[in-house]
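Structure, as structure tokens:
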Amino acid sequence: MKSRVAPQGVAEKSAEKSEDPRRATPVDLRSDTVTKPTPEMRRAMAEAEVGDDVYGEDPTINRLEHLAAEIFSRDAAIFVPSGTMGNQIAIKIHTRPGQEVICEERAHIFNYEMATLAAFSGCIARPIPAADGILSWAEVKKRIRPKTYYISQTGLVALENTHNMAGGTVYPTQVANEICDAAHEAGLPVHLDGARVFNAAAALGKSVAELTRRFDSVMFCLSKGLGAPVGSLLVGSRDFIEQARVYRKALGGGMRQAGILAAAGLIALERMPARLRDDHANARFLADGLAQVQGIRVDAKKVQTNIVVFDIANTGMNSAEFSRRLAESNVLANGIDPQTMRMVTHMDVDRAGCERALAAVRAICGKN
Ligand SMILES: Cc1ncc(COP(=O)(O)O)c(C=O)c1O
């Protein structure tokens, strides 16, 4: 006898077929942090071998840390719960209280890490505006403080690659290398907020090791484009990572049997970099479509990775209203200021989802 109950998912699919966007599954472009673990990740998490990581006894975390160090051609790596914790541990190790951290003015470490560089490291940011978020040595050099005892001293230079708020922009390797080499000559360490450094590597067709070789430390996230549910890694010299273990514990980041998280992280690190180009192609597709919409300004050629930042000033809506009206069609996107929106592609949004997002944008912009 045939069952009369529709199998799971059919109801959703037929809602999409009926073209009622209010009933369709959401297209969530708010961030690449919204992805759900794949079935393979969930299986690996359920079966993960674990131990107490504060005693260094979690075999799955140990494997993840070894793999990360190997991929980045470094001595060592440490698994941390979040990108924020990874960045802030690095800042703490590289600086002393009373120093300045040079960064781009839209940098995550400056704007979105709860002033932890002040609260935890006792430093202030020395932010520099830069086109597309990409600093040059000429600009950095101007902000290095003179070595005079009555002036606060520069302690660290921190770059972000890709640059989130500038629209996923990528540092040309030569530009980043020049900043690292010259900063080192000036006696300054350089940290990389590489939350999305695998996106940068995919865009440039280079390895993350090649992109990051000259940095003193690198933080990268498993929980963004790579699709893991939780976790980031900090990589660097053995001595640096030993110090990082102390600060991770101090911040409450000793997570015991967190091998269940590292198991998903291993899959993210091994399998997911290869698919990032699909996200980049989808972001470019979105940007090309958005550029055709009346009232929207975006330079699609600048979309190199998975983030599209676009100006809606001439649509007659602010970003709160724009987001709210998109959400009525089950398309989710956030504003980054009243006249600027951001859409981020990732493994849980396919080309059809991007087409739906564009249709929703056209619909709301046509009806002003
Ligand atoms: C560039 C950048 N750095 C660091 C972070 C912090 O990562 P987490 O959210 O895991 O703390 C983010 C998060 O969005 C980010 O975009």
>> Leaving ligands and nucleic acids out of the surface, order His66, His108 by accessible area at 1.4 Å, largest first.
In response: His66, His108
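Write down Rg/Rh for the stretch 257-349, rounded to two decimals, with Rg from the C-alpha atoms and Rh from the Kirkwood relation over Cα pairs.
Numbers: Rg = 16.1 Å, Rh = 14.7 Å.
Radius of gyration relative to Kirkwood radius: 1.09.
Enter the accessible area per residue of the chain (Å², integer; probe 1.4 Å; all protein chains in place).
46 Å²
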>> Rounded to whole Å, give me the distance from the Cα center of the stretch 293-368 to that of the stretch 43-68.
In response: 39 Å
> Hey, got the dipole for the stretch 287-368? About the Cα centre, +1 on K and R Cβ, -1 on D and E Cβ, debye to the nearest 20?
Replying inline: 140 debye
>> Taking the full set of protein chains and a 1.4 angstrom probe, give the accessible area of Leu251 in square angstrom, rounded to the nearest 10.
In response: 70 Å²
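Would you please name the chymotrypsin sites (Phe, Trp or Tyr not before Pro) within the stretch 112-206 that are DSSP coil residues with at most 10 other C-beta atoms within 10 Å of their C-beta? If you can, show how the numbers build up before the last one.
Working: sites: Tyr112, Phe120, Trp137, Tyr149, Tyr150, Phe198; in loops: Tyr112, Phe120, Tyr149, Tyr150.
When the chymotrypsin sites (Phe, Trp or Tyr not before Pro) of the stretch 112-206 are filtered for loop state and at most 10 Cβ neighbours within 10 Å, Tyr149, Tyr150 remain.
To one decimal place, what Kirkwood hydrodynamic radius in Å is obtained for the stretch 288-335 from all pairs of distinct Cα atoms? Mind showing how you got there, number by number?
Details: mean 1/r = 0.0873 Å⁻¹.
Result for the stretch 288-335 stands at 11.5 Å.
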>> Let me check against my output: what whole-number percent is the relative contact order of the chain, with C-alpha pairs under 8 Å and at least 6 apart?
In response: 23 percent
> For the residue pair Arg22 and Asp75, what label-to-label distance in nm results when each label sits 7 Å from Cα along the Cα-to-beta-carbon direction?
Replying inline: 6.2 nm
> Per-residue HN-Hα couplings for the stretch 49-58, Karplus 6.51 cos²θ - 1.76 cosθ + 1.60 at θ = phi - 60°, whole Hz, x for Gly and Pro?
Replying inline: 6, 10, x, 7, 5, 5, 8, x, 10, 9
> Amide H of Ile336: which non-local residues (sequence gap of 5 or more, or other chain) have their own amide H closer than 5 Å, using H built in the peptide plane?
Replying inline: Met341, Arg342
> What is the magnitude of the charge dipole of the stretch 264-307 about its Cα centre, with +1 placed on the Cβ of each Lys and Arg, -1 on the Cβ of each Asp and Glu, and no other charges, expressed in debye to the nearest 20?
Replying inline: 100 debye
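Within the accessible area of the chain, what % is carbon and sulfur when the probe is 1.4 Å and the other protein chains stay in place?
On the chain, the fraction of accessible area on carbon and sulfur atoms equals 50 percent.
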> Around Val80, which amide H atoms from residues at least 5 apart in sequence, or from another chain, sit under 5 Å from its own amide H, with H modelled in the peptide plane?
Replying inline: Ser232, Leu233, Leu234
>> Taking 31 Å as the cut-off for C-alpha to C-alpha distance, list the pairs among Lys92/Lys141; Lys147/Lys302; Lys147/Lys301 that go past it.
In response: Lys147/Lys302; Lys147/Lys301
> Long-range amide H contacts for Val27: which residues qualify at under 5 Å (H placed 1.01 Å from N, peptide plane, sequence gap of 5 or more or a different chain)?
Replying inline: Val331, Leu332
> Could you name the aspartates and glutamates in cross-link range of Lys249, using Cα to Cα under 14 Å and dropping any fewer than eight places away on the same chain?
Replying inline: Asp52, Asp53
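Which loop trypsin sites (Lys or Arg not before Pro) in the stretch 263-368, with loop taken from DSSP, have no more than 12 other Cβ atoms within 10 angstrom of their Cβ? Could the numbers behind the result be given before it?
On the way: sites: Arg271, Arg275, Arg277, Arg284, Arg297, Lys301, Lys302, Arg324, Arg325, Arg342, Arg351, Arg356, Arg362, Lys367; in loops: Lys367.
Answer by residue number: Lys367.
Which trypsin sites (Lys or Arg not before Pro) in the stretch 68-163 sit in a loop by DSSP (not H, G, I, E or B) and have at most 14 other Cβ atoms within 10 Å of their own Cβ? Could you put the intermediate results ahead of the total?
Details: sites: Arg74, Lys92, Arg106, Lys141, Lys142, Arg143, Lys147; in loops: Arg74, Arg106, Lys147.
Sites meeting the loop and neighbour criteria: Lys147.
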> What accessible surface, in Å², does a 1.4 Å probe find on Asp350, ignoring ligands, DNA and RNA and rounding to the nearest 10?
Replying inline: 90 Å²
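Helix-only estimate, please: 222 nm mean residue ellipticity of the chain, summing -39500 (n - 2.57) across DSSP H runs of length 4 or more and dividing by its residues, to the nearest 500. Display every interim value, and only then the final one.
Numbers: 15 runs with 150 residues, N = 368.
Here the helix-only value at 222 nm equals -12000 deg cm²/dmol.
Where a ≥ b ≥ c are the square roots of the eigenvalues of the C-alpha gyration tensor, would you call the stretch 167-260 rounded, which needs a/c under 1.5, or, failing that, prolate if a/b is larger than b/c, or oblate? Could the numbers behind the result be given before it?
Numbers: a/c = 2.69, a/b = 1.27, b/c = 2.12.
Judged from the Cα gyration tensor, the stretch 167-260 comes out oblate (a/c at least 1.5, b/c at or above a/b).
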> Cα centroids of the stretch 201-246 and the stretch 98-146: how far apart, whole angstrom?
Replying inline: 20 Å
> Can you give me the pair-distance distribution of the chain, C-alpha pairs, 10 Å bins, whole percents?
Replying inline: 5, 23, 30, 24, 13, 4, 1, 0, 0
> Of Gly205, Cys221, Gly155, which is farthest on the positive side of the dipole of the stretch 155-256, counting Cα position, with +1 on Lys and Arg Cβ, -1 on Asp and Glu Cβ, and the Cα centre as origin?
Replying inline: Cys221
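About the Cα centre, and with charges only on the beta carbon of Lys, Arg (+1) and Asp, Glu (-1), how big is the dipole of the chain? Nearest 20 debye, please.
On the way: 45 positive and 43 negative charges, 143 e Å.
Rounded to the nearest 20 debye, it is 680 debye.
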> Using the Cα gyration tensor of the stretch 15-105, with a ≥ b ≥ c the square roots of its eigenvalues, what is the shape: rounded (a/c below 1.5), prolate (a/b larger than b/c) or oblate (neither)?
Replying inline: oblate
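The values are calculated or read from the model by the stated rules, or taken from the named source; none is laboratory data. As the structure is a computational prediction, the values presented were derived from the model and not from experiment. Counting neighbours? That spans all protein chains shown, and the Cβs are built from the backbone with ideal geometry, glycine included. The accessibility values were calculated without ligands, DNA or RNA, using every heavy atom of the protein model including side chains. Shrake-Rupley method; radii C 1.70, N 1.55, O 1.52, S 1.80 Å.
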